[in-house]
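A.B. asks: Got a structure for you, written out below as structure tokens; questions coming shortly.
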Amino acid sequence: MVNGSAADREPELTTPQQWRDFLRDHGALFLRTANEYQRPYLDPEQVATGWMGRAAATENSIAAAERRLGVRFPPTYRSFLLASDGWDGVGGWVSVVWPCAEIYWLRDSESGQDLIEVYTEVEQETLEKQGVAEPDEEKLSLLFGRALAVAEGEDFWLFDPTETGPNGEWPAYLFTPKYGELEQFGSFSALFHDDRRLLEQFAEMQR
């Protein structure tokens, strides 16, 4: 597992207005770097406005999602939802950030069950070969069993709500199934900052 330390040093986006400003810039950057596979899925209004999100979530809709899942969302994620209830213009191999009504426990999905099964087998085989068990927190099968899925495409954005930092944030993860790689960030805000840097790299390559 890799820590996204550079993104964690970026300023936290703690208010809806900060998110709106950030997302407008992010949307414009996404449109500049969108490839031939992404462009056909863009709505004409998104192309015209550069806003890749939706209307802001209401406090009532956020509270309903929290009741459904039995958690209270961390501050930067709540502020994001109050700016835009979901986001379509994500960089890299993540297609969509789910609106709050569609965030789900990874274990309750078919893909999540497959990941848990595969990594349970891999970890058991590793234990049998090496004779040494990894600490529980390093087992991906356990993380997948407790994670909330916030965004996905080929890759996933995940939350671990069992750990809460002093600032009220949950660890956020980028998981890349193709390579079996997991990158940890200190918050949802840091995860989005990392995505922004990826888009900036694409833009630089296109010059």
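The values are calculated or read from the model by the stated rules, or taken from the named source; none is laboratory data. Computed from a predicted structure; not experimentally measured. Every residue, glycine among them, receives a Cβ derived from its backbone with ideal geometry; neighbour counts consider all protein chains shown. Accessible surface is based on the protein model in full, side chains and every heavy atom, while ligands, DNA and RNA are left aside. Shrake-Rupley method; radii C 1.70, N 1.55, O 1.52, S 1.80 Å.
A.B. asks: If you go through the range 125-141 one residue at a time, do you hit one that is in contact with an Asp or Glu (Cβ under 8 Å, 6 or more places away or on another chain), buried (at least 18 other Cβ atoms within 10 Å of the Cβ) and closer than 30 Å to residue 51 by Cβ?
C.D. replies: No - not one qualifying residue is present in the range 125-141.
A.B. asks: Still on this model: Exactly one of (1) open to solvent by 40 Å² or more (accessible area, probe 1.4 Å); (2) within 16 Å of residue 196 (Cβ to Cβ); (3) at pLDDT below 80 is unmet by residue 7. Its number?
C.D. replies: Checking residue 7 against (1) open to solvent by 40 Å² or more (accessible area, probe 1.4 Å); (2) within 16 Å of residue 196 (Cβ to Cβ); (3) at pLDDT below 80, the one that fails is (1).
A.B. asks: Take residue 82 and tell me if it is hydrophobic (A, V, I, L, M, F, W, C) and touching a Phe, Trp or Tyr at 6+ places or on another chain (Cβ under 8 Å).
C.D. replies: When the stated conditions are applied, residue 82 passes them.
A.B. asks: Got a sec? Which of 71, 47 is open to solvent by less than 70 Å² (accessible area, probe 1.4 Å), β-branched (Val, Ile, Thr) and either within 23 Å of residue 189 (Cβ to Cβ) or without any contact (Cβ under 8 Å) to a residue 40 or more places away in the chain (or both)?
C.D. replies: Of the residues listed, the single one that is open to solvent by less than 70 Å² (accessible area, probe 1.4 Å), β-branched (Val, Ile, Thr) and either within 23 Å of residue 189 (Cβ to Cβ) or without any contact (Cβ under 8 Å) to a residue 40 or more places away in the chain (or both) is 71.
A.B. asks: Taking the range 158-175 as the region of interest, how many residues are surrounded by fewer than 14 Cβ atoms within 10 Å (Cβ to Cβ) and of a type in the set (D, E, K, R)?
C.D. replies: Total satisfying the criteria: 1.
A.B. asks: Given the condition among the aliphatic types (A, V, I, L, M), in contact with a Cys (Cβ under 9 Å, 6 or more places away or on another chain) and either at pLDDT 95 or above or surrounded by 14 or more Cβ atoms within 10 Å (Cβ to Cβ) (or both), answer yes or no: does some residue in the range 16-34 qualify?
C.D. replies: no
A.B. asks: Starting from the range 184-197, keep only residues that are under 16 Å from residue 160 (Cβ atoms), then list their pairs with residues that are among the charged types (D, E, K, R) and open to solvent by 20 Å² or more (accessible area, probe 1.4 Å) whose Cβ atoms are within a distance under 7 Å, requiring at least 6 positions of separation or different chains.
C.D. replies: 185/8; 185/194; 186/8; 187/12; 189/12; 190/8; 190/10
A.B. asks: Something else now. Which ones in the range 82-115 are free of Cβ contacts under 8 Å to residues at least 40 places away in the same chain and surrounded by 17 or more Cβ atoms within 10 Å (Cβ to Cβ)?
C.D. replies: 85, 86, 112, listed by residue number.
A.B. asks: Across the range 145-171, what is the total count of residues that are in contact (Cβ under 8 Å) with a residue 40 or more places away in the chain, under 21 Å from residue 11 (Cα atoms) and among the small types (Gly, Ala, Ser)?
C.D. replies: 1
A.B. asks: So which strands (runs of 3 or more DSSP E) stay within the range 152-207 end to end and still have 2 or more residues that are in contact with a Gly (Cβ under 9 Å, 6 or more places away or on another chain)?
C.D. replies: Answer list for the range 152-207: 172-176, 181-185.
A.B. asks: Now for a different question. Go through the residues of the range 74-81 one by one and say whether even a single one is of a type outside the set (Phe, Trp, Tyr) and either modelled with pLDDT under 95 or open to solvent by 50 Å² or more (accessible area, probe 1.4 Å) (or both).
C.D. replies: Within the range 74-81, one or more residues are of a type outside the set (Phe, Trp, Tyr) and either modelled with pLDDT under 95 or open to solvent by 50 Å² or more (accessible area, probe 1.4 Å) (or both).
A.B. asks: Still on this structure, please answer the following. Pull up the range 176-197, narrow it to residues that are closer than 13 Å to residue 76 by Cβ and aliphatic (A, V, I, L, M), then point me to the one that is surrounded by the fewest Cβ atoms within 10 Å (Cβ to Cβ).
C.D. replies: Among residues in the range 176-197 that are closer than 13 Å to residue 76 by Cβ and aliphatic (A, V, I, L, M), the one surrounded by the fewest Cβ atoms within 10 Å (Cβ to Cβ) is 190.
Residue-by-condition table, conditions (1) within 26 Å of residue 162 (Cβ to Cβ); (2) hydrophobic (A, V, I, L, M, F, W, C); (3) touching a helix residue (DSSP H, G or I) at 6+ places or on another chain (Cβ under 8 Å):
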position: 39; (1), (2), (3): no, no, no
position: 55; (1), (2), (3): no, yes, no
position: 69; (1), (2), (3): yes, yes, no
position: 80; (1), (2), (3): yes, yes, yes
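A.B. asks: What is the residue count in the range 35-72 for residues that are modelled with pLDDT under 95 and of a type in the set (Val, Ile, Thr)?
C.D. replies: 2
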